[in-house]
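K.L.:
Mind having a look at this structure? Questions to follow.
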Amino acid sequence: MKKEELINIAENSLLSITTRPDVVMERGEGMYLWDTDGKKYLDFIGGWAVCSLGHTPKVVSDVLIEQSQKLINSSPSFYNKPMLEFTKLLIDNSAFDRVWFGNSGAEVNEAAVKLARKYGALKKDGAYEILTTKNSFHGRTLAMMSATGKDHWKELFNPKPSGFTHIPFNDLEAVKKAINKNTAAIMIEPIQGEGGVNPGTQEYIKGLRDICNEHGILLIFDEVQTGFGRTGEMFSYEKYGIEPDIMTLAKGIGSGFPLSALMVKEQYNIFEPGEQGGTYGGQQLAMVVGSAVTKEVLKKEFLENVDSMGKYIKDRLKNISEELGLSEIRGMGLLIGFNLDETIGSEVVNRCMENGLIINSPRPNMLRLMPPLIVNKDEVDEMMKILLRSIKEVKKA
Ligand SMILES: *Cc1c(COP(=O)(O)O)cnc(C)c1O
């Protein structure tokens, strides 16, 4: 099919949910994507902070081919070997004791909220309320739209599930004030991703742990974006030196394959049979991919690369910050954001795209980089060159 035909199908037959450029992606390898015209793009969003090992990594395609010829889905009624092997890997390499597998970030966040409510019902006299933060993002199911701290979602799709209170991020006093007898848990992203790359301070995260201990409420980390090596540690809670009670993972855990996990401490193994589940959770293809990705990310050189490339990008951005009016260069590892001195985020994104670079603007006055974690120095240099040129072109226009 010709590109015009494909775009026609998109415009006339896909449910309209977002605006996309007239580009159809066809092939990917490492840090690069190619569209149907053969145009090459350097990819600094990596499938939306998803393709941790880059595009079409051999370790992933190999296990997919092998497993797809053996068994694809033995049903949720049975254990399967890839599921149990992946479970052991996750437990051996995290602070948690129990795992439940899902397919998306929103799904495991829902599971975390259900677990917190179950805990409230069993141990806290029916407490059900979850504190979440303003500018947070937890997904697009109805309950996760309630949990998410976006003002313009408040009035959408009502009635949505209630029981979520939004408090300012990085504000311990606000947490103390908001806690009451109905509070069951606090759910945060250690670094707010969609909200604009806002890292929780050390004091805040430690403080949350203390407050949760004091009140017997659960600390839930949504590490859908920050987990699996993104920050330079396997999980970002390690950066803060504390452990949450519950953690959710998605995005990078499957390096592009739909896969998510809810991880909990032993004492929160409290679901009764039938209260939680899903048809595809623990399905063989996802499980072999999860193990393959985990083994790569756990390699010392892999996480060191995330750390050193993150620092290198920040240094390079600092060097051009005065010239281009960039400020507040922030983030951890390879989750990096910075402000622009004008609201030209989407213009810069479009210009970069024309110039062969994919980046993201989560807010009109800022840009975000979340490249595959395998990015190297040459690719960073290439990104910087295109970014510099693109911002200059937009400012001149
Ligand atoms: C992307 C994201 C989600 C939602 O994940 P889906 O797989 O799109 O459902 C939830 N929380 C955070 C922090 C995210 O970045």
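K.L.:
Output yes when any residue across the range 273-282 is in contact with a Ser or Thr (Cβ under 8 Å, 6 or more places away or on another chain) and of a type outside the set (Val, Ile, Thr), and no when none is.
P.N.:
no
K.L.:
Need a quick list: strands (runs of 3 or more DSSP E) entirely within the range 240-335 having at least 1 residues that are under 22 Å from the mean Cα position of the chain (by Cα) and charged (D, E, K, R).
P.N.:
Answer list for the range 240-335: 327-332.
K.L.:
Take residue 156 and tell me if it is at pLDDT 95 or above, more than 15 Å from the ligand (Cβ to nearest atom) and in contact with a His (Cβ under 9 Å, 6 or more places away or on another chain).
P.N.:
When the stated conditions are applied, residue 156 does not pass them.
K.L.:
Regarding residue 109, is this residue touching a Phe, Trp or Tyr at 6+ places or on another chain (Cβ under 6 Å), over 21 Å from residue 177 (Cα atoms) and touching a residue at least 60 places away in the same chain (Cβ under 8 Å)?
P.N.:
So residue 109 does not fit the description; no.
K.L.:
To continue, here is another question. So residue 322 clears everything in (1) crowded, with 20+ Cβ neighbours inside 10 Å; (2) under 27 Å from residue 197 (Cα atoms); (3) not aromatic (Phe, Trp, Tyr) except one condition, right? Which one?
P.N.:
(1)
K.L.:
So, one more: Within the range 345-394, can you find the residues that are over 16 Å from residue 43 (Cα atoms) and crowded, with 20+ Cβ neighbours inside 10 Å?
P.N.:
Those that are over 16 Å from residue 43 (Cα atoms) and crowded, with 20+ Cβ neighbours inside 10 Å: 345, 366, 391.
K.L.:
Filter the range 93-144 down to the residues that are assigned to a helix (DSSP H, G or I), aliphatic (A, V, I, L, M) and closer than 28 Å to residue 256 by Cβ and list them by number.
P.N.:
106, 108, 111, 112, 113, 115, 142, 143, 144
K.L.:
So, in the range 209-220, exactly how many residues are within 16 Å of the ligand (Cβ to nearest atom) and over 30 Å from residue 374 (Cα atoms)?
P.N.:
Here the count works out to 1.
K.L.:
Could you list all residues from the range 193-207 that are away from the ligand (no atom under 16 Å from the Cβ) and either part of a loop (DSSP other than H, G, I, E, B) or surrounded by 17 or more Cβ atoms within 10 Å (Cβ to Cβ) (or both)?
P.N.:
201, 204, 207
K.L.:
What do you reckon, is residue 119 in contact (Cβ under 8 Å) with a residue 24 or more places away in the chain, away from the ligand (no atom under 16 Å from the Cβ) and either polar (S, T, N, Q) or farther than 17 Å from residue 224 by Cβ (or both)?
P.N.:
When the stated conditions are applied, residue 119 passes them.
K.L.:
Now a separate question. Consider the range 81-106. How many of its residues are under 18 Å from residue 67 (Cβ atoms), of a type in the set (Asp, Glu) and free of Cβ contacts under 8 Å to residues at least 40 places away in the same chain?
P.N.:
Total meeting the criteria: 0.
K.L.:
Please indicate, with yes or no, whether at least one residue in the range 227-237 is more than 16 Å from the ligand (Cβ to nearest atom) and without any contact (Cβ under 8 Å) to a residue 12 or more places away in the chain.
P.N.:
Checked against the condition, which is being more than 16 Å from the ligand (Cβ to nearest atom) and without any contact (Cβ under 8 Å) to a residue 12 or more places away in the chain, the range 227-237 yields no hits at all.
K.L.:
Only one of (1) exposed (fewer than 15 other Cβ atoms within 10 Å of the Cβ); (2) within 16 Å of the ligand (Cβ to nearest atom) fails for residue 102. Which number is that?
P.N.:
Result: residue 102 passes all but (1).
K.L.:
Moving to a separate point now. Among the residues of the range 254-267, how many are buried (at least 24 other Cβ atoms within 10 Å of the Cβ) and within 10 Å of the ligand (Cβ to nearest atom)?
P.N.:
Looking only at that region, the number is 3.
K.L.:
Another question, then. Among (1) under 19 Å from residue 147 (Cα atoms); (2) away from the ligand (no atom under 15 Å from the Cβ), where does residue 223 come up short?
P.N.:
(2)
K.L.:
Oh, and also: With 178, 147, 185 as the choices, which residue is hydrophobic (A, V, I, L, M, F, W, C), more than 24 Å from the chain's Cα centre (by Cα) and either crowded, with 21+ Cβ neighbours inside 10 Å or away from the ligand (no atom under 15 Å from the Cβ) (or both)?
P.N.:
Residue meeting the stated conditions: 178.
The values are calculated or read from the model by the stated rules, or taken from the named source; none is laboratory data. Treat the numbers as computed from the prediction; the structure is a model and nothing was measured. Note that each Cβ is placed from the backbone with ideal geometry, even for glycine, and that neighbours are counted across all protein chains shown.
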